[in-house]
Amino acid sequence: MRKFFALLALLAVLPAQAAAHGHGHRSLQDNLARVEIKTHKVAGNVYMLEGAGGNIGVVAGPDGLLIVDDQFAPLAEKIRAALRQLNPGRLRFVLNTHWHGDHTGSNAAFSSEAALVAHVNVRKRLAAGFKSPQYTVEPAPAAALPVITFDTAVYFHFNGEEIRAIHFPTGHTDGDSVIFFTGSNVIHMGDHFFAGRFPFVDLSSGGNVEGLLKNVGEVIAQAPAGVKIIPGHGPVSTVEDLRTYHAALRETSDLVRQRMQQGRTLEQIKAEGLPEKWREWGTGFIKTEQWIETVYRSYSQSGGAKTGAAPRLFERGFPFDGRSTLPFLAG
């Protein structure tokens, strides 16, 4: 797990000047220099940019551009170039689905031209940084912090459609938002969805396996017919793909929990592994043993998620409960 945490630390904090701080950073910096940003049409006015890190959602039109997540700082100019190919208008908003560096790394680069928007916990975690025995995340610079924050939901009326950012608590982290583009019939799931692979659940940032399962189930239950889904990682997907993902996580986590209830240790459960049909699911960022350990530690810590009532993602009249950042800044 130490190598996993070391990689996570790099993903969380890689700054533009990382090349100056050691061979490992230089290697990652060199790899990013070779990244090509690929543009995929999703539906309506919505596109997906694929590069390194979390998938970027884009809505483009006469009002300009709004993007969901922004990958790593060294990719900012490549992202700008891809956006110009879609629309020459101004980048107006950057919406972060959560605080991890492969989704917020270019915040500072874009903050002089666009408003940064996120859940209150995203600003809080970026500003505070993080330290554990495994890795350290330094506090983000002021320019990288969201200037507009919300508690429950925020709506954008932009390029002829309503864009809803809804907070889904206690899932991948404690600050995740799922984004619904109502006119284009597209959902951006952020890291609640790793298409076809086991997900990373950040237990140190308030994430919880049972909460993730509950949240994904709620999105499935509320998803409109024909909706296209942008995952945090992986190709553009459908609701059926999301159901398959949900079933994989539910079946494997239930199996781990059953073994825990039978008194097996973490090492014994890892040694037993998972059924062969889930082998491919452990070939991504999170390997099978890491997923087993995540499930084990999540249920050991909490015995399940304290998630409360489910957010209503698509129901008209969702109560806006935005809050200014001033109470947070006051302490």
Being buried (at least 24 other Cβ atoms within 10 Å of the Cβ), touching a residue at least 40 places away in the same chain (Cβ under 8 Å) and in contact with a Phe, Trp or Tyr (Cβ under 7 Å, 6 or more places away or on another chain) is the filter here; which residues of segment 124-147 pass it? R125
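Scan segment 240-269 residue by residue and report those that are hydroxyl-bearing (S, T, Y) and surrounded by fewer than 17 Cβ atoms within 10 Å (Cβ to Cβ).
T244, T265
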In segment 84-93, is there at least one residue being over 21 Å from I166 (Cβ atoms) and crowded, with 18+ Cβ neighbours inside 10 Å? yes
Before we move on, is P235 under 15 Å from D191 (Cα atoms) and in a loop (DSSP other than H, G, I, E, B)? yes
Does segment 130-171 hold any residues that are modelled with pLDDT under 95, within 19 Å of A118 (Cβ to Cβ) and charged (D, E, K, R), and which are they? E138
Identify the single condition in (1) surrounded by 22 or more Cβ atoms within 10 Å (Cβ to Cβ); (2) assigned to a strand (DSSP E or B) that F200 does not satisfy, given that it satisfies every other one. (2)
In the list F156, F194, F150, which residue meets the criterion of being in contact (Cβ under 8 Å) with a residue 12 or more places away in the chain, buried (at least 18 other Cβ atoms within 10 Å of the Cβ) and in contact with a Lys or Arg (Cβ under 7 Å, 6 or more places away or on another chain)? F150
Out of A20, A81, A52, A76, which single residue is at pLDDT below 50 and not in a strand (DSSP E or B)? A20
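The values are calculated or read from the model by the stated rules, or taken from the named source; none is laboratory data. Fair warning: this is a prediction, and the values are worked out from it, not measured in the lab. Note: ideal-geometry Cβ built from the backbone for every residue, glycine included; neighbour counts use all protein chains shown.
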